[in-house]
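Participant: Just passing along the structure, written as structure tokens.
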Amino acid sequence: TQLLEQSPQFLSIQEGENLTVYCNSSSVFSSLQWYRQEPGEGPVLLVTVVTGGEVKKLKRLTFQFGDARKDSSLHITAAQPGDTGLYLCAGAYNTDKLIFGTGTRLQVFP
Amino acid sequence: NAGVMQNPRHLVRRRGQEARLRCSPMKGHSHVYWYRQLPEEGLKFMVYLQKENIIDESGMPKERFSAEFPKEGPSILRIQQVVRGDSAAYFCASSLTGGSASGNTIYFGEGSWLTVV
């Protein structure tokens, strides 16, 4: 069974702090996506990474794909209350379906 | 906005009734996926369809659940004789080309929340 473990599961921080969310697996991903989901809504795609070692930046968000394509991280600089939400990583393992991680629930307080 | 459209957004059914959830993929997308999110759990893959074909249904419960994506019209996820355990958010997603393995981007709809009473 392919599993994607995310850590931490919950994170409460003050506005302006930095944070990193991790996504780990014992299997190699073909590709990996990061999503953000707000209550009552569907996941919204943030980024897709495909190449081992790849780094992508989206404003204050930095996504890194591990060299071995087994892990990924999401780093947020100077978090803002608008960053509050559920962050999900999802990996593909040479199949057509995405395996979703357990999720990291982020709360940023003003 | 040509995003993935799902309806109804909220559906209440009594135990034993049927639930039909509809999904119109993004314009030009012919690949559709259904995922289920149980309360306080992550999203779980159910089924992957192309027009008129089921490609992968490895995540579908063996009984009561079926999915189709006809040549014309939306994809339908059908749940017969619903039980309380079917209460969940059902998300449809679509992609331009097949599968996520090669990095194809999959876009999700806003979901259909089924409550079984």
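Participant: Mind counting the residues in segment A:1-13 that are hydroxyl-bearing (S, T, Y) and either under 17 Å from B:Y33 (Cβ atoms) or within 14 Å of the chain's Cα centre (by Cα) (or both)?
Facilitator: Adding up the residues that qualify gives 1.
Participant: May I ask you to verify whether A:R69 is open to solvent by 30 Å² or more (accessible area, probe 1.4 Å) and either in a strand (DSSP E or B) or out of contact with any Leu (no Cβ under 8 Å at 6 or more places or on another chain) (or both)?
Facilitator: Working: open to solvent by 30 Å² or more (accessible area, probe 1.4 Å): yes; either in a strand (DSSP E or B) or out of contact with any Leu (no Cβ under 8 Å at 6 or more places or on another chain) (or both): no.
No; evaluated as a whole, the condition is false for this residue.
Participant: Can you tell me which of A:L88, A:L106 is under 23 Å from B:P39 (Cβ atoms) and either away from every other protein chain (no Cβ under 12 Å) or more than 10 Å from the chain's Cα centre (by Cα) (or both)?
Facilitator: Details: A:L88 fails: either away from every other protein chain (no Cβ under 12 Å) or more than 10 Å from the chain's Cα centre (by Cα) (or both).
Of A:L88, A:L106, the one residue that is under 23 Å from B:P39 (Cβ atoms) and either away from every other protein chain (no Cβ under 12 Å) or more than 10 Å from the chain's Cα centre (by Cα) (or both) is A:L106.
Participant: Here's something else I'd like to know. Considering B:I79, B:I106, which residue is crowded, with 18+ Cβ neighbours inside 10 Å and away from every other protein chain (no Cβ under 13 Å)? Lay out the reasoning, then the answer.
Facilitator: Numbers: B:I106 fails: away from every other protein chain (no Cβ under 13 Å).
One residue alone meets the criteria, B:I79.
Participant: Consider A:G52 against the criteria (1) assigned to a strand (DSSP E or B); (2) open to solvent by less than 50 Å² (accessible area, probe 1.4 Å): it satisfies all of them except one. Which criterion is unmet?
Facilitator: (1) is the only condition that A:G52 fails.
Participant: Which of the residues that make up segment A:92-107 are of a type outside the set (A, V, I, L, M), under 16 Å from B:V47 (Cα atoms) and touching a strand residue (DSSP E or B) at 6+ places or on another chain (Cβ under 6 Å)?
Facilitator: Matches in segment A:92-107: A:D96, A:K97, A:F100.
Participant: Would you check which residues across segment B:27-53 are outside any strand (DSSP E or B) and either modelled with pLDDT of 90 or more or open to solvent by less than 80 Å² (accessible area, probe 1.4 Å) (or both) and list them? If you could, list the steps in order and put the result at the bottom.
Facilitator: Residues of segment B:27-53 that are outside any strand (DSSP E or B), as a first pass: B:27-30, B:38-42, B:51-52.
If the condition is that a residue be outside any strand (DSSP E or B) and either modelled with pLDDT of 90 or more or open to solvent by less than 80 Å² (accessible area, probe 1.4 Å) (or both), then B:K27, B:G28, B:H29, B:S30, B:L38, B:G42, B:K51 are the ones that fit.
Participant: Going through segment A:14-47 one residue at a time, which ones are within 10 Å of the chain's Cα centre (by Cα) and open to solvent by less than 30 Å² (accessible area, probe 1.4 Å)?
Facilitator: If the condition is that a residue be within 10 Å of the chain's Cα centre (by Cα) and open to solvent by less than 30 Å² (accessible area, probe 1.4 Å), then A:V21, A:C23, A:L32, A:Q33, A:W34, A:Y35, A:V47 are the ones that fit.
The values are calculated or read from the model by the stated rules, or taken from the named source; none is laboratory data. No experiment lies behind these values; they were computed from the predicted model shown. Here Cβ is always computed from backbone atoms with ideal geometry, including for glycine, and neighbour counts include all displayed protein chains. To get the accessible areas, we keep the full protein, side chains included, count just its heavy atoms, and leave off ligands, DNA and RNA. Shrake-Rupley method; radii C 1.70, N 1.55, O 1.52, S 1.80 Å.
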